[in-house]
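The values are calculated or read from the model by the stated rules, or taken from the named source; none is laboratory data. Quick caveat, the model's predicted, so the values are computed rather than measured. Reconstructed Cβ throughout: ideal geometry from the backbone, glycine too, with neighbour counts over all protein chains shown. Protein only, heavy atoms only, side chains kept; ligands, DNA and RNA dropped before computing areas. Shrake-Rupley method; radii C 1.70, N 1.55, O 1.52, S 1.80 Å.
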Amino acid sequence: MSAPLPGTLFALRLTDRTGDAATLRVLADAERDLAPHAAADRPWPLEPVRDGVLVDVSVGGRAVLPGAWVTRHGLDRATGMGRERVRPTDLRMPAYVLGEGSGSVLAWGETVWPLPFDDSVAIPAACRPGVHSLSELRRLVLVALDRRADIGLTLWQDSALEVPWQDVRLVPRARWWFEMAQVPTGMRYAEAARAQGVELERLSAGA
């Protein structure tokens, strides 16, 4: 299927209980909305998630997942709820680590920040790029809501499970990597993009 346009809203059912759902909003399709504008003179940091759709998820008007990559085909099983405008500042991209050892970089959306690692540093799998299935996204939302008991898989109910966020921002022991990468404290993604010459306004036309 072709990816829904930016701003398309879906209901993400959390459990079988009536009304227990989150709102999933499409922000961008990597292949359609972002890849055509990638710089030709350097590697594209979104290449590992090229097949994904960037979404955010809210419950009761509160953002619980500020940005995650989900598979396109997963969205055809979600219930549509209309469409709203997406602003460039709505893009809160996941961050993950590319490379190994001294060649590691923090890829925050389309921006890249060198990491001062050596070969002794092991990168957690939860900090590597990945595209979630819709069912996995549902489990991530339940974890974010502190509702592990509602997840059917016993493994996910174990507090010791390494939650596969695929996002450094959401891995407690990795958040300080932003500081190590010298990302200015409090910087938002839109500011980081501007600082590295990434034009977010190109998405407005499709929103």
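Data overview
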| quantity | calculated |
| --- | --- |
| Mean projected area in nm² (Cα convex hull; one quarter of hull surface) for segment 1-117 | 8.7 |
| Whole-angstrom gap from segment 155-172 to segment 27-103, using each part's C-alpha centre | 19 |
| Exposure ranking of 110, 191 by accessible area [1.4 Å probe, largest first] | 191, 110 |
| Most mobile of 142, 161, 170 in a GNM of the chain (Cα contacts under 10 Å) | 161 |
| Accessible solvent surface per residue of segment 19-152, calculated while the other protein chains remain in place, 1.4 angstrom probe, Å² | 43 |
| Distance histogram in 10 Å bins (all Cα pairs of segment 96-145, percent per bin) | 24, 41, 26, 10 |
| Sulfur and carbon atoms: percent of accessible area, segment 16-92 [1.4 Å] | 48 |
| Solvent accessible area, Å² - residue 92, 1.4 Å probe, full protein context | 90 |
| DSSP bridge orientation in segment 47-157 - percent antiparallel, rounded to nearest 5 | 95 |
| Range of Cα positions in segment 122-175 per principal axis (Å), largest first | 30, 22, 17 |
| Sum of -39500 (n - 2.57) over DSSP H runs of 4+, divided by residues of the chain (222 nm, nearest 500) | -3000 deg cm²/dmol |
| Percent of Cα-Cα distances greater than 16 Å, calculated over segment 1-66 | 54 |
| Selected from 127, 73, 104, residue furthest toward positive end of dipole (segment 64-201; charges at beta carbon) | 73 |
| Dipole in debye (nearest 20) - segment 75-182, about Cα centre, beta carbon charges: Lys, Arg +1; Asp, Glu -1 | 480 |
| Loop-located chymotrypsin sites (Phe, Trp or Tyr not before Pro) in segment 103-182 whose Cβ has at most 12 other Cβ within 10 Å (DSSP) | 176 |
| Rg/Rh for segment 45-97, where both radii come from Cα atoms and Rh is the Kirkwood radius | 0.96 |
| Highest-fluctuation residue, 190, 149, 63 considered, GNM on the chain with Cα pairs under 10 Å | 149 |
| Cβ-placed point charges (K, R +1; D, E -1), dipole of the chain about Cα centre in debye, nearest 20 | 640 |
